[in-house]
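Written out below as structure tokens is the structure these notes cover.
The values are calculated or read from the model by the stated rules, or taken from the named source; none is laboratory data. Please read all numbers here as calculations on a predicted model, not as lab measurements. As a convention, Cβ positions derive from the backbone with ideal geometry for all residues, glycine included, and neighbour counts pool all protein chains shown. Side chains are part of the model used for accessible areas, which takes the heavy atoms of the whole protein and leaves out ligands, DNA and RNA. Shrake-Rupley method; radii C 1.70, N 1.55, O 1.52, S 1.80 Å.
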Amino acid sequence: MSDEKIDLSALDPTHDGPRWERLVQAVAARGRAARRRRLTVSFQLVVWLRPALAAAACLGLLGGVAIATSAPSGAERATATAGEDPAFVLAAWAATGERPDTAEILRILGASHGTD
Amino acid sequence: MLGTDATATLVARAQRGEAAAFEALARAYLRAAYSVALGFVGRPADAEDVAQDAFVQALEHLDSCREPARFAAWLLQIVRNRARNWLASRKLRDVPAADAPNDAPGDGAPPDAGALRGELLAALGGLGAVPREVVLLHDLEGWTHAEIAAVLGISEVMSRQHLFVARRALRRAIDGQSPSGGDDE
């Protein structure tokens, strides 16, 4: 009859009760230690990673702010460049018939030397 | 087998780091882990190693157990994976299971337990994975069909069917006839 239970007690590892009990306790202890170790490593990573990430974010933010406030805007840059370019200024004087004084000419040429 | 509520409570306590919960889980489920491992590796000493390692792995990664009430199913899947890996490495080492030097029965076992155990293990080896697990969990662990069905993800009817097939095959094998039931893995 296949409905009758098969006696598998020969395969029962708990025959040797004290040995099995030691095994159970060893597995529980190993599991607990492994879990504690794993959590400790994860915890340490989080502890170290969080300030590092925060510092990196602050640095990035400060850098962005510094760049944004110190760099001239595109329009300012174009005006300044056009204003100080000797060729541009001379061409403008010629086109408008303006007669700059010597100091002005020297300033423009001097600025040209200074920037180049 | 513990009820699902009791199991879920134990898992939650173990997740909080309570030492007693780890031990209670091991006491409740290590034998089932051993049975499943034995069905795969076919050698008691190796089954013990596989079950222990799988159990430690499960306890270590307890947070990955998304459904604490289904801890047993989750654990036994880890055991199966471990056992498969172990079998693959044994294949590489090419060590036949029958050559095991350390499979003598324990001190508490009857004198002729070694021979009987060998017969049973050989017969179990002829079964498919599912019938083998069903018969071990039912006839060795004492689990009900409902519990087995929940853990293996099959219906209770199928669990009964697998048990019937496995018992018939085991009886034939033990009686010296060729086993059947290994084709429904």
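Consider region B:1-47. How many of its residues are assigned to a helix (DSSP H, G or I), open to solvent by less than 40 Å² (accessible area, probe 1.4 Å) and not hydrophobic (A, V, I, L, M, F, W, C)?
Number of matching residues: 7.
Just to be sure before I move on: is B:Asn85 modelled with pLDDT of 85 or more and not hydrophobic (A, V, I, L, M, F, W, C) in the structure I sent?
In short, yes.
So, in region B:48-77, how many residues would count as being in a helix (DSSP H, G or I), under 18 Å from B:Val11 (Cα atoms) and free of Cβ contacts under 8 Å to residues at least 24 places away in the same chain?
7
For region A:30-43, indicate whether the set of residues that are of a type in the set (Ser, Thr, Tyr) and at pLDDT below 80 is non-empty.
Let us first name the residues in region A:30-43 that are of a type in the set (Ser, Thr, Tyr), namely A:40, A:42.
Now drop any that are not at pLDDT below 80, which leaves A:42.
Taking every residue of region A:30-43 in turn, at least one turns out to be of a type in the set (Ser, Thr, Tyr) and at pLDDT below 80.
Please state which of the following conditions A:Val24 fails to meet, knowing it meets all the rest: (1) among the hydrophobic types (A, V, I, L, M, F, W, C); (2) at pLDDT below 90; (3) in contact with a Leu (Cβ under 6 Å, 6 or more places away or on another chain).
It is condition (2) that A:Val24 fails.
Among all residue pairs at least 6 apart or on different chains, which show Cβ distances below 9 Å where the first residue, located in region A:1-24, is aliphatic (A, V, I, L, M) and the second is outside any helix (DSSP H, G or I)?
Filtered contacts from region A:1-24: A:Ala10/B:Pro105; A:Ala10/B:Ala109; A:Ala10/B:Pro110; A:Ala10/B:Asp112.
Name the residue, out of B:Arg31, B:Arg27, that is touching a residue at least 24 places away in the same chain (Cβ under 8 Å) and closer than 19 Å to B:Gln57 by Cβ. Write out each step before concluding.
Numbers: B:Arg27 fails: touching a residue at least 24 places away in the same chain (Cβ under 8 Å).
Step by step, each of B:Arg31, B:Arg27 is checked, and only B:Arg31 is touching a residue at least 24 places away in the same chain (Cβ under 8 Å) and closer than 19 Å to B:Gln57 by Cβ.
So, B:Gln57, is that one within 14 Å of another protein chain (Cβ to nearest Cβ), open to solvent by 50 Å² or more (accessible area, probe 1.4 Å) and under 21 Å from A:Arg22 (Cβ atoms) or not?
In short, yes.
Could you list, in sequence order, the residues of region A:1-17 that are within 7 Å of chain B (Cβ to nearest Cβ) and of a type outside the set (Asp, Glu)?
A:Ser2, A:Lys5, A:Ile6, A:Leu8, A:Ala10, A:Leu11, A:Pro13, A:Thr14, A:His15, A:Gly17
With respect to A:Trp20, determine if the residue is crowded, with 17+ Cβ neighbours inside 10 Å and either among the aromatic types (Phe, Trp, Tyr) or away from chain B (no Cβ under 14 Å) (or both).
On the way: crowded, with 17+ Cβ neighbours inside 10 Å: yes; either among the aromatic types (Phe, Trp, Tyr) or away from chain B (no Cβ under 14 Å) (or both): yes.
The answer is yes for A:Trp20.
Condition first: assigned to a loop (DSSP other than H, G, I, E, B) and farther than 20 Å from B:His138 by Cα. Now tell me which residues in region A:1-30 satisfy that. It would help to see each step written out before you state the result.
Step one: list which residues in region A:1-30 are assigned to a loop (DSSP other than H, G, I, E, B), which gives A:1-8, A:12, A:16.
Once the filter is applied, which keeps residues that are assigned to a loop (DSSP other than H, G, I, E, B) and farther than 20 Å from B:His138 by Cα, region A:1-30 yields only A:Asp16.
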